[in-house]
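The structure appears right after this line, and notes come after that.
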Amino acid sequence: MGEGGGSVKAACFCMNEQRIFFDLDGVLAVWQDVPQERLTQKGYFSSIPIQENVVAAFRLLDQLPDIELYILSCVFQDSHSESDKKAWVAKHLNLPEGRQLYCPCGSRKENALKKIGGIRPSDVLIDDYTENLRYWTGIPIKLYNGINGTKGTWKGIGIYFAMQPETIAKQIYEMAVIQPYSILQRIEYWNVAFPATC
C-alpha cells in the first residue's frame with residue numbers, strides 16, 4: 001500500500017477475476033493539448049508524463065490478487081504509436097504485453113477484447129472520452145482529468161484525477177467488485193482491502 005500502509009494482497013472478494021481496463025493518454029498519462037503533427041511524431045506517446053494519482057491508484061489495484069488490470073488504448077495507424085505506448089507502459093507500469101490491448105483510433109474499444117475472449121458485462125473501462133464509454137457494454141467509468149467534462153454530456157459514474165490514489169482505487173474497486181453487496185459488507189470489505197494508514 002506504500003509507506004506506512006498494509007498490503008492489500010490479503011483481501012479480495014471477487015467471485016471471478018475482475019478485469020479493469022485503463023485508457024492510457026488522458027487517464028494514466030497526462031493529456032497534452034498539442035498540434036496534430038506533434039501528436040503523431042515518433043516518440044511522443046513514450047514521453048508523455050504520468051498522471052501521478054491515477055498511476056498510484058492503478059498500482060494499488062494491481063496488488064489485489066483477483067483483479068486483472070489491462071491497458072486499452074487507441075492508436076494511430078502508423079508504424080510507431082503502438083510501440084511508443086508499449087514503451088510508456090514498460091517504463092511506468094511494467095504490465096506484460098498480454099495485458100495491453102490497442103485498437104485503431106475511431107473504432108469501438110470493446111472490439112479489441114476479441115483477442116481475450118470478448119467483453120464481459122462485469123468488465124470495467126476507465127476512460128476520459130465519453131464516446132468510448134457510451135458504447136462500452138460493461139461498466140463504464142469516466143475519468144475527469146481537468147481538461148475534459150466541460151460539456152456535461154456524460155451522465156454516468158465518474159472519478160477525478162486530483163483525488164487521492166486510495167480514494168480513486170476504492171471507488172473503482174467499489175464499482176467493479178463490491179457493488180452487488182450490502183452497504184455493511186462494502187464497509188467491511190473496504191476496511192480489509194484498503195486498511196487505514198493513519
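The values are calculated or read from the model by the stated rules, or taken from the named source; none is laboratory data. All figures in this text were calculated on a predicted structure; none of them were measured in a lab. For neighbour counting, all protein chains shown are included, and Cβ atoms are generated from backbone atoms with ideal geometry for every residue, glycine included.
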_Within region 42-157, strands (runs of 3 or more DSSP E) holding 2 or more residues that are more than 15 Å from Gly26 (Cβ to Cβ) and either within 14 Å of the chain's Cα centre (by Cα) or at pLDDT below 95 (or both)_ = 67-75, 100-104
*region 70-81, residues that are of a type outside the set (Phe, Trp, Tyr) and surrounded by fewer than 18 Cβ atoms within 10 Å (Cβ to Cβ)*: Gln77, Asp78, Ser79, His80
_Quick check on Ile71: is it free of Cβ contacts under 8 Å to residues at least 60 places away in the same chain and hydrophobic (A, V, I, L, M, F, W, C)?_
yes
*When you scan region 18-38, how many residues do you find that are touching a residue at least 24 places away in the same chain (Cβ under 8 Å) and surrounded by 13 or more Cβ atoms within 10 Å (Cβ to Cβ)?*
14
_Based on this model, can you work out whether Asp84 counts as in contact with a strand residue (DSSP E or B) (Cβ under 7 Å, 6 or more places away or on another chain) and crowded, with 18+ Cβ neighbours inside 10 Å?_
no
*asked:* I'd like to verify a number: residues in region 115-147 that are in contact (Cβ under 8 Å) with a residue 24 or more places away in the chain and under 16 Å from Ile168 (Cβ atoms), how many?
replied: 9
